[in-house]
Amino acid sequence: MIELYSNARLPTEFGLFRIYTFVNDENKDHAVIVRGDPRGKEDVPVRIHSECLTGDVLGSLRCDCRDQLIQSLRYLGRQDYGMLIYLRQEGRGIGLLNKIKAYSLQDSGADTVEANLKLGLPVDSRDYSFASEVIKFFEIKSIYIMTNNPEKMKALIESGINVKGRIPIFSDPTPYDKFYLETKKIKLGHEIENI
């Protein structure tokens, strides 16, 4: 399903990584950020992060995406080895255009789940098969997944990944994302303890 395309050194404020790109069936430019050498290792910390232009790049406070990304990179930068798989599936898979439409509905009182449904879109259409293939490519024997989302864990386990456990990522709620985080906890089952 995937084939290594290229890799290079990636020095960051969080530490020295390598960035890998792969040719894949989806024709999407996913990125894999690798700390140390996780090949063939057990208990590798792995973050699977879905793209969020508004949060990751622009610093939007409507979500906790940027905070989760930074916390993950900071954590991985302190480890001997680990991995962050950056998936190009904006807005839980609905794309940037629809995500901004959903934002507009949220401005009128809908929550993140209701907004997607009002647009006739799935609540969450993300796919984690590329991430599973990357973990297999590196022959990683077992992982600890950095997530609050039990569905992400379930998808990896169903694809044959040995998930030993979860590393939670907590963000302090802001007035702008508290309702969003509550919705993720109540309607999507995210394991968020600090709201």
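The values are calculated or read from the model by the stated rules, or taken from the named source; none is laboratory data. Remember, predicted model here, so these are calculated numbers, not experimental data. All Cβ positions, glycine included, derive from the backbone under ideal geometry; neighbour counts span all protein chains shown. Calculation scope for accessible area: heavy atoms of the full protein, side chains included, ligands and nucleic acids excluded. Shrake-Rupley method; radii C 1.70, N 1.55, O 1.52, S 1.80 Å.
Straight-line cross-link reach from residue 141 at under 17 Å between alpha-carbon atoms covers these aspartates and glutamates, not counting any fewer than eight positions away in the same chain: 37, 42, 43, 80, 133, 158. Put simply, the convex hull of the Cα atoms in the range 93-166 casts, on average, a shadow of 5.7 nm².
At a probe radius of 1.4 angstrom, the accessible area of the range 62-195 per residue rounds to 49 square angstrom.
What part of the accessible area of the chain, given as a whole %, is carbon or sulfur when the probe is 1.4 angstrom?
Working: 4970 of 9800 Å².
Reported share for carbon and sulfur atoms: 51 percent.
Work out how much length residue 141 to residue 88 would gain on full extension: take 0.36 nm times their residue separation and subtract the Cα-Cα distance, in nm to one decimal. Walk me through the intermediate numbers first.
Working: separation 53, 0.36 × 53 = 19.08 nm, distance 2.51 nm.
Roughly 16.6 nm would be gained on extension.
For the range 21-143, what proportion of DSSP beta bridges, expressed in % and rounded to the nearest 5, is antiparallel? Restricted to the range 21-143, the bridges split so that about 50 percent are antiparallel.
Please report, in debye to the nearest 20, how large the charge dipole of the range 40-172 is about its Cα centre when each Lys and Arg carries +1 at its beta carbon and each Asp and Glu carries -1 there.
The dipole of the range 40-172 has a size of about 120 debye.
Nearest 10 degrees is fine. How inclined is helix 65-77 to the longest principal axis of the chain, computing both from alpha carbons? The two axes meet at around 20 degrees.
Need the full-extension length gain, residue 104 to residue 119, defined as separation in residues times 0.36 nm minus the C-alpha distance. One decimal, nm. Before the final figure, lay out the partial values.
Working: separation 15, 0.36 × 15 = 5.40 nm, distance 1.10 nm.
Here the answer is 4.3 nm.
Among the listed pairs 118/184; 118/154; 99/152; 154/178, a Cα-Cα separation exceeding 24 Å is found for 118/154; 154/178. Quick check on the range 1-78: take the gyration tensor over C-alpha atoms, sort the square-rooted eigenvalues as a ≥ b ≥ c, and tell me if it's rounded (a/c under 1.5), prolate or oblate. Taking the square roots of the gyration eigenvalues as a ≥ b ≥ c, the range 1-78 is oblate. Counting Lys and Arg as +1 and Asp and Glu as -1 over every other residue whose Cβ lies under 15 Å from the Cβ of residue 186, the net charge comes to -4. Taking the longest Cα principal axis of the chain as reference, the axis of helix 178-188 is set at about 70 degrees.
Using the scaling law 2.2 N^0.38 Å as the reference, what is the normalised Cα Rg of the chain? All intermediate terms of the calculation are to be shown ahead of the outcome.
Details: Rg = 16.5 Å, N = 195, 2.2 N^0.38 = 16.3 Å.
This ratio for the chain stands at 1.01.
Within the chain, the longest run free of GluC sites (Glu not before Pro) that sit in a DSSP loop with at most 12 other Cβ atoms within 10 Å is 43-138.
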